[in-house]
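Chemist: I am attaching a structure below and will ask some questions about it afterwards.
Quick note: the coordinates plus some simple rules give every number you see, no bench work behind them. Since we're looking at a predicted model, the values are computed, not measured. Because the Cβ atoms are built from the backbone with ideal geometry, glycine has one as well, and the counts that use them run over all protein chains shown.
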Amino acid sequence: MSDFEPKIVAFFCNWCTYGAADLAGVSRLDYPPNFRVVRLPCTGRLNPKYILEAFKRGADGVWVSGCHPGDCHYIAGNYHARRKFVLLHHMLETLGVEPGRLHFSWISSAEAIKFQEVARDVVEKVRACGPNESFRKAELGLAEVA
Ligand code: FES
C-alpha cells in the first residue's frame, strides 16, 4: 500500500455541503483530513479557472459540492455549476488528466453521513490516480503548442 496522501481542494456551498461537513465534525463522524475547504456562497459562483488553478498549484484532486437539485438558494446556481463541471471534465479528459481527479456531488446540510461516505470515496478515487503529474504534463504540452 502506498504512503501517498492526496491533497484535495474542496469547493463547498455555504448553505449545504459546508454545513454537512460541520455536522459531520460535530457528530464526531470520522472522515479523511485530505481536504482544504473553500467556502462558496453557491456552487454557481465557482469559476472553472479556480479548479484549473488548484490543479496547477499542485492539488491532486478537486471536489465541488452543492445543494441538491431544486434546493439552490439562488434558484439555479447548482444547475449552472453542473453544466460548467461537465464541460470542464471533458476538457480535462482531452488533456489526459484522469477523470478520477475531479468530483461533483449534491449534499444537504443534514446529510453528515452522506458527507462522510462521499469524502472517503473522493479520497480513494484521487489516491488511485496517484500524485498530480498528468495536469502538469498537459499544461507543458499546451505551453509547447502556444
Ligand atoms: S446555494 Fe448551494 S449550490 Fe446554490
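Chemist: Skipping prolines and chain starts, which residues have an amide H placed within reach, meaning under 5 Å, of the one on Leu102, given they are 5 or more residues away or on another chain?
Modeler: Residues meeting the amide H criterion: Val62.
Chemist: Also: What's the exposure ranking of Ile8, Ile113, Ile107, going from fewest to most Cβ atoms within 10 Å?
Modeler: Least to most surrounded, the residues fall as Ile113, Ile8, Ile107.
Chemist: Which whole-number percentage describes the relative contact order of the chain, with Cα contacts under 8 Å and a sequence gap of 6 or more?
Modeler: The normalised contact order for the chain reaches 34 percent.
Chemist: Spelling out what I want: for every residue of region 124-131, take phi, set θ = phi - 60°, compute 6.51 cos²θ - 1.76 cosθ + 1.60 (Karplus), and round to whole Hz; glycine and proline get x.
Modeler: Per residue, the Karplus-derived 3J(HN,Hα) values read 5, 5, 6, 4, 5, 6, x, x Hz.
Chemist: Here is a further query. Given +1 on the Cβ of Lys and Arg, -1 on the Cβ of Asp and Glu, and no further charges, what dipole in debye does region 8-129 carry about its Cα centre, rounded to the nearest 20? Before the final figure, lay out each step's value.
Modeler: On the way: 15 positive and 11 negative charges, 76 e Å.
I would put it at about 360 debye.
Chemist: For Phe11, enumerate residues with amide H under 5 Å from its amide H, sequence gap 5+ or separate chain, H modeled in the peptide plane.
Modeler: Long-range HN contacts for Phe11: Val38, Trp63, Val64, Ser65.
Chemist: Could you check the simple spin-label distance between Arg57 and Glu93, using points 7 Å along Cα→Cβ, in nm with one decimal?
Modeler: About 2.8 nm separates the two model spin labels.
Chemist: At what distance in angstrom do the alpha carbon centres of region 60-131 and region 14-36 lie from each other?
Modeler: For region 60-131 versus region 14-36, the Cα centre distance is 15 Å.
Chemist: Also: With r as the distance between the Cβ atoms of Ile75 and Lys49 and R0 = 35 Å, compute the FRET efficiency 1/(1 + (r/R0)^6) and round to 0.05. Walk me through the numbers before you get to the answer.
Modeler: Working: r = 24 Å, r/R0 = 0.68.
With a Förster radius of 35 Å, E is 0.90.
Chemist: Taking one equal scatterer on every alpha-carbon of the chain, how large is log10 of I(q)/I(0) by Debye at q = 0.10, 0.18, 0.21 1/Å?
Modeler: The calculated log intensity ratios at q = 0.10, 0.18, 0.21 Å⁻¹ are -0.33, -1.02, -1.30.
Chemist: A follow-up question, please. Taking the simple approach of a point 7 Å from Cα along Cα-to-Cβ for both Asn14 and Glu133, what is their distance in nm?
Modeler: The modelled label-to-label distance comes out at 4.1 nm.
Chemist: Here is a follow-up. Any idea what angle helix 134-145 forms with the longest principal axis of the chain, computed on alpha-carbon atoms, 0 to 90 degrees, nearest 10?
Modeler: Tilt of helix 134-145: around 50 degrees.
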